[in-house]
Amino acid sequence: MFKSYAALLHWHRSLWRLMPLMTVSILSIAVASAADADGQQADPPLPQVDVVFMGDSITKGVRAGVSPEQTFPQQVQAMLLEQGLQITVANVGIGGERTDQALRRLKRDVISRRPQFAVVMYGTNDSYVDQGKQTSRLTTAAYRENLQAIIEQLLIEGIEPILMTPPRWADAARPNGIGNNPNSSLEPFIESGRALARQNNLKWVDHYGHWTAAHQRGQNLSEWTVDGCHPNARGHQEIATQVVSVLKPLCTAADKRVPLRIELTEALGEGTRPEDGSYWIHPRAAAIPASAAEPNRDPSVLMILSRLLRRSDYFSGAYTMQSNDRGKTWQPPVLASALDWVSDGDVNIAVADVTPLWHAPTNKLIAIGAQVRYSSTGAQLEDQPRAHQTAYAVYDPATQRWTPWRRIEMPKIDSFNFARSACAQAVVDDDGTLLLPFYIGVDAKQPFSSTIVRCDFDGDQLSYREHGNVLSLDVKRGLYEPSLIADQGRYYLTMRNDLKAYVSVSDDGLKFRPAKAWTFDDGKDLGSYNTQAHWVAAGGGLFLVYTRRGADNDHVFRHRAPLFIAQVDRERLVVTRATERVLVPERGATLGNSGVTVLNDHESWVTVSEANIDRPEAVQRGATGTLYVVKVKAETP
């Protein structure tokens, strides 16, 4: 097998120059698992983990009777180092601090350090009622708002927050300004912090709950503090033990590494480019299972693709290709008349960025894409209200017929004036409804936001039922071209931005936590930007398909090649660098418009075609517009 990506690329290029005109599926490259390909163990050493602890004087820790080494951040580091983890901690606690003050220094003291984790603990000072006052220093609403802002700012930078509730005050603590034990004002803040952790799908450490349980068992909390509030060495040990119980699993490989076998095949090779100078683009496919009458037949795979018509984002009607032998051969592209352009006076209406989806409850295939209005010269138009919407067509395998394109009617609110589900993986939920990722906005000029729309499908009509929360980012074109997958009881969403790629997670498929920048597990930026990413689930592992910078590919437009795959750590929502593999090597062309077809629990296909093939770097490196079908299979024991 190949020792490196460079060796694979050299072999691929050399072979391409020597081989004659290729027919369908003649070129096949197998790339095995990390252990096979690199001669490494399946589980290489864990990367360095950097953690910042942010909080008030309880986090700062040092005071009479407590040395720096006895503070809980230093104890956490010592305990995890002793257990074999490579970890460094930074303690940026400041005495007397509240969440509003923490928010002002977050970028300087935490984000600038680029840790993988930020452990945040506030509430003691926010909730305190000073002498001569009747209310807490901050309201619970202000506390929630500040803490939510801290969470969102950390996630958007690719830093995973871990929230902590502060410890309970001892019974002997000095009464607050209204003569009560400070716990009476602290408890509403504790509940707010717990709720934020749940709402944002975060790991959290409940010190208040732990200390309360100890108190109920008869523990005198004064024995864990120096003054009824600030922990002594024993109290810091209690805090450290609880932190380690949450942090250690996050610092180790939570998901078992799943080795993959990757087979690179061609559906359309050299010599298949249309004569008019256009080229094939946006190939995406769906598997149609064998019928009950033919249980032993291979699934039929139907691919939808378009031609790029010699102008940026100017696409033909939809073509179809089909394979009935697991991709060994493919029928040539055929323009489906029902999926072709429709004329509206001088305007041509196409549906682009199409993804087909099999709907098992009705035994129908649904093609979903962006409805686009073109001028006679191929310019995209916003010449009427709601010019950019989502269309669908339904294919019945029994009759082999398509319905015409129809629009999904969206709510009559401004945020859905622009509403596209395009280039998107979607989910058929357990109840037969569809969860469609949308990017939406008031028009095509404002930054987009992403949301999930639940739709009903009766075998003929696809209709809006509800949508989830909206994820926004006021940077360049916002968050767009989202893709969704359901895996092991959770829903994972990846989103495009012009500068970075982002990820989110949900327990119900509608309510997602704030977007987090994609990073590798070592905390470094993934380097994927301004293009799509998609999901593969195989053999119990979750994988991301993406392009990125930093792969000796500065000559490729927007670094959109090679096409990579790597396993995702589900708990941390990071890409495990050691698992990264090349799906399709680059030849100067771009490989950014891919799709994923699920064959079964152990095998998925990634479809992609070489684009921008007339650029000088693509011509020089021999790109021909090849349409690849990459068979990704989980290795079974």
Q) Can you name the residue in the stretch 87-135 that is in contact with an Asp or Glu (Cβ under 7 Å, 6 or more places away or on another chain) and of a type in the set (Ser, Thr, Tyr) and, of all such residues, is nearest to residue 74 (Cα to Cα)? A) 88
Q. Going by the conditions given, is residue 587 assigned by the TED database to the domain that holds residue 367, outside any strand (DSSP E or B) and within 24 Å of residue 257 (Cα to Cα)?
A. no
Q.
Just to be sure I understand the filter: pairs with C-beta atoms under 9 Å, separated by 6 or more residues or on different chains, first member in the stretch 408-428 and assigned by the TED database to the domain that holds residue 451 and under 15 Å from residue 495 (Cβ atoms), second member open to solvent by 30 Å² or more (accessible area, probe 1.4 Å) and in a loop (DSSP other than H, G, I, E, B). Which pairs pass?
A. 423/593
Q: Please specify each residue of the stretch 607-626 satisfying the condition of being assigned to a strand (DSSP E or B) and either out of contact with any Leu (no Cβ under 6 Å at 6 or more places or on another chain) or more than 10 Å from residue 594 (Cα to Cα) (or both).
A: 607, 611
**Q.** Leading residue by the ranking (surrounded by the fewest Cβ atoms within 10 Å (Cβ to Cβ)) among those in the stretch 49-71 that are within 28 Å of residue 520 (Cβ to Cβ) and not β-branched (Val, Ile, Thr)
**A.** 50
Q. Across the stretch 315-365, what is the number of residues that are in contact with a strand residue (DSSP E or B) (Cβ under 7 Å, 6 or more places away or on another chain) and assigned to a strand (DSSP E or B)?
A. 24
Q.
Can you list residue pairs whose Cβ atoms sit under 6 Å apart, with the first residue in the stretch 587-603 being buried (at least 19 other Cβ atoms within 10 Å of the Cβ) and the second being acidic (Asp, Glu) and assigned to a loop (DSSP other than H, G, I, E, B)? Count only pairs 6 or more apart in sequence or on different chains.
A. 589/610
Q | the stretch 188-202: number of residues that are touching a Ser or Thr at 6+ places or on another chain (Cβ under 6 Å) and not in a helix (DSSP H, G or I) | A | 0
**Q.** Candidate set: the stretch 366-376, residues that are outside any loop (DSSP other than H, G, I, E, B) and of a type outside the set (A, V, I, L, M, F, W, C); chosen: the one most open to solvent (accessible area, probe 1.4 Å)
**A.** 371
Q: Output the residue which, of all residues in the stretch 203-257 that are basic (Lys, Arg) and in a helix (DSSP H, G or I), is surrounded by the most Cβ atoms within 10 Å (Cβ to Cβ).
A: 248
Q. Looking at the stretch 377-400, which of its residues are farther than 26 Å from residue 435 by Cα and either assigned to a strand (DSSP E or B) or not assigned by the TED database to the domain that holds residue 317 (or both)?
A. 380
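Can you find even one residue in the stretch 282-289 that is hydrophobic (A, V, I, L, M, F, W, C) and more than 24 Å from residue 400 (Cα to Cα)?
The initial filter retains those residues of the stretch 282-289 that are hydrophobic (A, V, I, L, M, F, W, C), namely 285-288.
If we keep only those that are more than 24 Å from residue 400 (Cα to Cα) as well, we get none.
Scanning the stretch 282-289 turns up no residue that is hydrophobic (A, V, I, L, M, F, W, C) and more than 24 Å from residue 400 (Cα to Cα).
The values are calculated or read from the model by the stated rules, or taken from the named source; none is laboratory data. Just so you know, these numbers come straight off a predicted model, no measurement behind them. Note that each Cβ is placed from the backbone with ideal geometry, even for glycine, and that neighbours are counted across all protein chains shown. Only protein heavy atoms, including side chains, enter the accessible area calculation; ligands, DNA and RNA are left aside. Shrake-Rupley method; radii C 1.70, N 1.55, O 1.52, S 1.80 Å.
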